[in-house]
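What follows is a short report on a single structure.
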Amino acid sequence: MSKITTARLLAMKQERSKIAMITAYDATFATLFEQAGAHAILIGDSLGMVLQGEESTLGVSVADMAYHTRCVAKGTDKALVVADLPFMSYSNPELACHNAAILMRAGAHMVKLEGGAWLTDTITQLTRQGVPVCGHLGLTPQSVHVFGGFKLQGRQQDQAAQIKDDAKVLEAAGIQLLVLECVPSPLAKEITELLTIPVIGIGAGPHTDGQVLVMQDALGLTTGYVPKFTKNFLAEQGNVKAAISAYVSDVATGRFPGPEHSFN
Ligand code: KIV
Ligand code: NA
């Protein structure tokens, strides 16, 4: 695998070659996932739940994110390293630039933030100053208390239209990648076709340009509720690297996600 850049991800969309992203929070897993062929590694603020044992991502700090970003960056050489800006760390453009700089200096190649059109100025400022941005729409877990739980988004027509509009506005503002979480497959398909930039889905069906999973879900390291859209790839494989290789190739061939992992 050659070095994965934002330009390479865009080319992959144009070539219809599927992008496999997975979360990692440390050097060991990040190295194994890169060796397994993952194109992008996300240091997700999901670490609040899977590492810190919290019930949401709201308690995660920029310092937490920087620490894990540094660990992952040390373990990777080729994959694109994307780090989440955590809750309230990008509530205005200045704060976003300050905190994005911390994550970029820790080794991120791109930062991800959750939300729609209100982020326009923030995205413009970040990209102008050299920080590539990944958007995140649909179920945005930092807003769990506004949603009233971790729920499928975009089921109603007005909600779907809002997500579509937001996707267009974010692209116009300069995002170079978009994560769509927990939305009906037909909506994800429409947005994927609407945008020039690659769209990465989780619980968004098979039609997006790529997929992302939380590593614990992909390896069956689940302790409580197991979301419908995940799959334990370790169950059919002998070790972690083989499991993630299977994930990457199942994403590439379209074997994952299947209808049983999607909302229609
Ligand atoms: O924090 C995270 O792991 C994420 C992915 C689920 C997209 O944002
Ligand atoms: Na996240």
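The values are calculated or read from the model by the stated rules, or taken from the named source; none is laboratory data. A quick note: this is a predicted structure, and the numbers were derived from the prediction, not measured. We place every Cβ from the backbone using ideal geometry, glycine too, and count neighbours over all the protein chains shown.
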Residue hits (the range 206-220; more than 16 Å from ligand 2 (Cβ to nearest atom) and without any contact (Cβ under 8 Å) to a residue 24 or more places away in the chain) are 207, 220
Among the residues of the range 47-101, the number that are touching a strand residue (DSSP E or B) at 6+ places or on another chain (Cβ under 7 Å) and among the polar types (S, T, N, Q) is 2
Filtering the range 1-24 for residues that are within 13 Å of ligand 1 (Cβ to nearest atom) and surrounded by fewer than 24 Cβ atoms within 10 Å (Cβ to Cβ) leaves a count of 0
Evaluate the range 28-38: report whether one residue or more is modelled with pLDDT of 95 or more, buried (at least 18 other Cβ atoms within 10 Å of the Cβ) and within 16 Å of ligand 2 (Cβ to nearest atom). no
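Output the residue which, of all residues in the range 57-73 that are of a type in the set (Gly, Ala, Ser) and crowded, with 17+ Cβ neighbours inside 10 Å, is farthest from residue 108 (Cα to Cα).
The extreme case among them is 66.
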Hey, does the range 101-113 have a residue that's within 17 Å of residue 58 (Cα to Cα), of a type outside the set (Val, Ile, Thr) and out of contact with any His (no Cβ under 6 Å at 6 or more places or on another chain)?
yes
Residue 42 vs (1) within 18 Å of the chain's Cα centre (by Cα); (2) more than 16 Å from ligand 2 (Cβ to nearest atom): all pass except (2)
Cβ pairs under 6 Å, 6+ apart or interchain, first in the range 63-75 and touching a residue at least 12 places away in the same chain (Cβ under 8 Å), second β-branched (Val, Ile, Thr) and surrounded by fewer than 21 Cβ atoms within 10 Å (Cβ to Cβ), ordered by first then second residue, are 66/102; 75/31
Scanning the range 26-61 residue by residue, the ones that are more than 13 Å from ligand 1 (Cβ to nearest atom), without any contact (Cβ under 8 Å) to a residue 60 or more places away in the chain and in a helix (DSSP H, G or I) total 5
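Is it true that residue 81 is buried (at least 17 other Cβ atoms within 10 Å of the Cβ), part of a strand (DSSP E or B) and in contact with a helix residue (DSSP H, G or I) (Cβ under 9 Å, 6 or more places away or on another chain)?
Details: buried (at least 17 other Cβ atoms within 10 Å of the Cβ): yes; part of a strand (DSSP E or B): yes; in contact with a helix residue (DSSP H, G or I) (Cβ under 9 Å, 6 or more places away or on another chain): yes.
Yes: the conditions hold for residue 81.
Pick from 125, 162, 129: which is more than 16 Å from ligand 1 (Cβ to nearest atom) and surrounded by fewer than 15 Cβ atoms within 10 Å (Cβ to Cβ)? Full working, then the answer.
On the way: 125 fails: surrounded by fewer than 15 Cβ atoms within 10 Å (Cβ to Cβ); 162 fails: surrounded by fewer than 15 Cβ atoms within 10 Å (Cβ to Cβ).
Within the list 125, 162, 129, the selection yields 129.
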Going through the range 180-213 in order, the residues found to be buried (at least 24 other Cβ atoms within 10 Å of the Cβ) and among the hydroxyl-bearing types (Ser, Thr, Tyr) are 208
Per the filter on the range 228-262, residues aromatic (Phe, Trp, Tyr) and part of a helix (DSSP H, G or I) are 247
Within the range 208-227, of all residues that are assigned to a helix (DSSP H, G or I) and aliphatic (A, V, I, L, M), the one nearest to residue 134 (Cα to Cα) is 215
All conditions in (1) within 13 Å of ligand 2 (Cβ to nearest atom); (2) of a type in the set (Asp, Glu); (3) not in a helix (DSSP H, G or I) are true of residue 64 except (3)
With criteria (1) crowded, with 19+ Cβ neighbours inside 10 Å; (2) among the small types (Gly, Ala, Ser); (3) in contact (Cβ under 8 Å) with a residue 60 or more places away in the chain, residue 252 comes up short on (1)
